[in-house]
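The values are calculated or read from the model by the stated rules, or taken from the named source; none is laboratory data. Model, not experiment: these values are computed from the prediction. Cβ atoms come from the backbone with ideal geometry, glycine included; neighbour counts cover every protein chain shown. Only protein heavy atoms, including side chains, enter the accessible area calculation; ligands, DNA and RNA are left aside. Shrake-Rupley method; radii C 1.70, N 1.55, O 1.52, S 1.80 Å.
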Amino acid sequence: VGEFLTAMTQRDMQMSIEEGQTLNFLEVPREVELAIIDTTDPKSDHNYLIPQSLLSNGALIEVPDTPLQVRVVRFFQNASVGRRAPEMAAAATMGIGAQIAIEELPPASRDDARDMSAAIIEPMAGGHSYGKWLVSLGLGAPQSFMHEGHTYVLKMRPRRQYLPYTVTLKEFSHDVYPGTRIPKNFSSLVHLSNPVQDEERDVLIYMNQPLRYDGKAFYQASFGKNDTLSVLQVVENPSWLLPYIACVLVGLGLLLHFGLTLRRSMARRQRAARRA
């Protein structure tokens with residue numbers, strides 16, 4: 001039962017955070033979302049998110065709390081992008097996508113592989129089209145358009161799960177064995193800030209020593225950018241207690257079985273002593 005519930009309910013996420021950076025979200029690497037970000041206000045961005053489940057070919061999607069609509073011309077579960085040859089027709093008409101060729105690929109099947117999802121979308125407002133844009137996990141260049149004085153950035157990205165607290169990476173350490181490049185230890189010193197719980201504390205996350213907080217376990221998984229980037233694997237498993245409950249039940253069962261056996265043995269000895 002525990003294994004079944006774990007397979008059904010466990011969620012694996014990631015947090016890629018650089019030294020000095022503060023984040024309040026996790027990324028789900030196997031799911032994507034289309035983010036339409038209003039960057040007009042220099043103090044804060046407003047994110048309008050369209051989940052992958054709505055990105056089907058031909059769909060016309062209303063963007064909540066905005067005058068925008070998005071028509072999904074085509075969605076690719078997995079695709080490769082590269083520079084377009086002059087003789088090839090462009091799938092997009094606006095942004096960097098007008099110079100890009102896109103090729104659909106079969107969905108990734110290996111555990112260590114990820115789909116590079118992409119889509120051709122057409123933002124619209126008030127019956128006016130802002131052209132066709134290519135958004136993809138394989139494109140890093142920002143793409144934006146303006147409508148009624150608002151600047152909207154278009155981005156395909158891993159789906160985010162926002163947290164009611166923030167995590168700041170204060171320091172990342174990467175130690176190796178002398179004279180080798182074999183990792184001896186790598187750890188992340190993070191600051192956890194939860195205003196709702198009035199909680200401020202530093203936590204050291206290192207190999208085999210995760211941070212367990214708010215039903216999630218933050219494990220040290222990887223690193224990059226010359227040891228300034230830490231990658232934390234985050235696991236949310238609502239049924240994590242079941243193996244412990246199972247061990248307790250097995251222990252109680254063994255004690256009960258031992259007690260019953262001992263009782264029968266003592267009863268036999270008493271009967272034998274009376275006959276003697």
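Data overview
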read-out: Sulfur and carbon atoms: percent of accessible area, segment 107-248 [1.4 Å]; value: 54
read-out: Met207 long-range amide H proximity, modeled H, under 5 Å; value: Phe186
read-out: Segment 1-67 - Rg and Dmax from Cα coordinates, angstrom; value: 16.6, 51
read-out: Rounded to 10°, Cα long-axis angle of helix 242-275 versus longest principal axis of the chain; value: 10
read-out: Anisotropy class of segment 94-191 from Cα gyration tensor, a/c 1.5 cut; value: prolate
read-out: Accessible area of the chain divided out per residue, in Å², using a probe of 1.4 angstrom; value: 61
read-out: Glu3 accessible area, assembled protein chains, probe 1.4 Å, Å²; value: 150
read-out: Contact order relative to length of the chain, as percent, for alpha carbon pairs under 8 angstrom and 6 or more apart; value: 21
read-out: Cα gyration tensor, the chain - rounded (a/c under 1.5), prolate or oblate; value: prolate
read-out: Debye equation applied to the C-alpha atoms of segment 175-265, log10 I(q)/I(0) at 0.19, 0.20, 0.22 Å⁻¹; value: -0.97, -1.03, -1.12
read-out: Heavy-atom accessible area ranking, 1.4 Å probe, most first, across Ile96, Ile182; value: Ile182, Ile96
read-out: Exposure ranking of Arg157, Arg268 by accessible area [1.4 Å probe, largest first]; value: Arg268, Arg157
read-out: Accessible-area ranking of Lys216, Lys225, largest first, probe 1.4 Å; value: Lys225, Lys216
read-out: Equivalent-ellipsoid semi-axes of segment 234-276, from the Cα gyration tensor, Å, largest first; value: 43, 5, 3
read-out: Dipole of segment 1-98, positive direction: furthest Cα of Met15, Pro42, Ala98, with charges on the beta-carbon; value: Ala98
read-out: Segment 1-151: mean projected area of Cα convex hull, nm²; value: 12.5
